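What follows is calculated from the coordinates using simple rules that are stated; it is not laboratory data. This structure is a prediction, so every number in the text was calculated from the model and none was measured. Don't worry about glycine lacking a Cβ; one is built from the backbone with ideal geometry, like all the others, and counts go over all protein chains shown.
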Amino acid sequence: MQTIFVMIKCELGQAYDVADRAVETEQVSEVHSISGQYDLMAKCYLDDAADIGHFVTDTIQRLPGVKDTFTIIAFKAFG
């Protein structure tokens with residue numbers, strides 16, 4: 001299982017709608033509103049064979065209201 005975090009910049013006024021759509025995506029386990037350059041951060045779990053780039057571009061970036069994304073690949077969870 002691969003864990004990635006996708007930070008999402010939304011069109012103005014669209015953060016709540018994007019969050020609602022993102023959390024309905026099967027691979028997305030959590031969506032948090034955040035401060036700073038991006039509006040949301042989604043925690044996603046992908047199968048080991050899944051292509052991260054295709055998931056982000058074909059699924060997350062195509063959600064209505066998404067303006068930009070930044071992906072972080074996680075290696076190990078502690079605790």
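What the table below lists for this structure:
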{"item": "Per-residue ³J(HN,Hα) for segment 24-39, Karplus 6.51 cos²θ - 1.76 cosθ + 1.60, θ = phi - 60°, Hz, x for Gly and Pro", "result": "7, 6, 4, 7, 8, 9, 8, 10, 10, 7, 9, 9, x, 5, 10, 9"}
{"item": "Cleavage-rule hits, chymotrypsin sites (Phe, Trp or Tyr not before Pro), segment 13-79, DSSP coil, Cβ neighbours within 10 Å at most 11", "result": "F75, F78"}
{"item": "Relative exposure of E26, E11, judged by other C-beta atoms within 10 Å (fewest first)", "result": "E26, E11"}
{"item": "For T69, residues with placed amide H under 5 Å, excluding near neighbours", "result": "K9"}
{"item": "Listed values (1) 16.2; (2) 12.1; (3) 12.5, entry calculated as Kirkwood radius over Cα pairs in Å", "result": "(3)"}
{"item": "Potential lengthening between I73 and Y45 on full extension [0.36 nm per residue; Cα-Cα distance subtracted]", "result": "9.0 nm"}
{"item": "Pairwise label distance in nanometres, T59 with I34, each label 7 Å out on the Cα-Cβ vector", "result": "1.8"}
{"item": "Spin-label model distance (nm) - T3 vs E26, 7 Å beyond Cα toward Cβ", "result": "2.2"}
{"item": "Under DSSP loop assignment and at most 13 Cβ neighbours within 10 Å, longest trypsin sites (Lys or Arg not before Pro)-free interval of the chain", "result": "1-61"}
{"item": "Relative contact order (%) - the chain, alpha-carbon pairs under 8 angstrom, separation at least six", "result": "46"}
